[in-house]
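See structure below.
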Amino acid sequence: MIGIVNYGAGNIFSLTAALVRCNLPYGMINEPADFDKYERIIIPGVGHAGAAMQKLRDSGLAEAIPSLTKPVLGICVGMQLLTSFSEEGGAAMLGIFPMRTLHFQQRISEKVPHMGWNTTQIRHDNRLFDGIADNTYFYFVHSFFIEFQEEFTASSTTYGVEYAASIHKKNFYGVQFHPEKSGPAGEQLLLNFATL
């Protein structure tokens, strides 16, 4: 069973629809005690990282997440929450990855937000990408990005600047793109996560 951290994020429906397509059972995590019910955890996210972090704190979930030892996957803002700091709201995040979430504005000449299909380059052998070819297209929608850092970057994407499209550290994983909106490759990634 996959537990979805329910803190008011905007993409719960598209995520749960993808899990249904993949025949992956799921439930909602509303309070810290709920983490014990599930083998794997997904932190979804659409919206403002600073506001999302505050919701996690208010619910008591923020304190529990860093101590989890089961596989955790952050998606989009959910991935940014795993970093140490976000320029969105100038807020401290969960601090699991010593990386910063930065704004594209004033760093690139391309249109912001970065929206649409883009390729990802696999940087390290990672079980999240089993059966997924290098340079596969995934669907992105974001104005903030996580700075590239070789040690923790599982795959990278270039949009004006090279940045971390996915990250990995121990049992924590994050993807900037939306696997639930990325067709067969995205569904393969969710299936891979379900077998970690």
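What the table shows:
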quantity	calculated
Residues being of a type in the set (G, A, S), open to solvent by less than 30 Å² (accessible area, probe 1.4 Å) and more than 15 Å from I43 (Cβ to Cβ) - total across segment 141-182	6
Residue, nearest to L68 (Cα to Cα), within segment 1-37, restricted to residues that are of a type in the set (D, E) and surrounded by 11 or more Cβ atoms within 10 Å (Cβ to Cβ)	D34
Residue count, segment 7-23 (criterion: within 19 Å of I96 (Cα to Cα) and over 16 Å from the mean Cα position of the chain (by Cα))	0
Candidates L94, L189, L128, filtered to the one that is touching a Pro at 6+ places or on another chain (Cβ under 8 Å) and closer than 23 Å to V20 by Cα	L189
Looking only at segment 77-88, and only at residues there that are buried (at least 21 other Cβ atoms within 10 Å of the Cβ) and hydroxyl-bearing (S, T, Y), the one that is nearest to P32 (Cα to Cα)	T83
Enumeration of residues in segment 164-176 that are farther than 16 Å from L81 by Cβ and either under 12 Å from the mean Cα position of the chain (by Cα) or in contact (Cβ under 8 Å) with a residue 24 or more places away in the chain (or both)	A165
Criterion (at pLDDT 95 or above, surrounded by 20 or more Cβ atoms within 10 Å (Cβ to Cβ) and either touching a strand residue (DSSP E or B) at 6+ places or on another chain (Cβ under 8 Å) or not aliphatic (A, V, I, L, M) (or both)) met by exactly one of G74, G131, G116, G95	G74
Of all residues in segment 183-196 being open to solvent by 10 Å² or more (accessible area, probe 1.4 Å) and assigned to a helix (DSSP H, G or I), the one that is nearest to I65 (Cα to Cα)	A194
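Quick grid of which residues meet (1) over 17 Å from G78 (Cβ atoms); (2) touching a His at 6+ places or on another chain (Cβ under 8 Å):
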position: M99; (1), (2): no, no
position: Q105; (1), (2): yes, no
position: F129; (1), (2): yes, no
position: S143; (1), (2): no, yes
position: S156; (1), (2): yes, no
position: G183; (1), (2): yes, no
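The values are calculated or read from the model by the stated rules, or taken from the named source; none is laboratory data. Just so it is clear, the structure is predicted and the values come from calculations on it, not from any experiment. All Cβ positions, even for glycine, are placed from backbone atoms using ideal geometry, and neighbour counts span all protein chains on display. Surface accessibility is based on the protein's heavy atoms, side chains included, excluding ligands, DNA and RNA. Shrake-Rupley method; radii C 1.70, N 1.55, O 1.52, S 1.80 Å.
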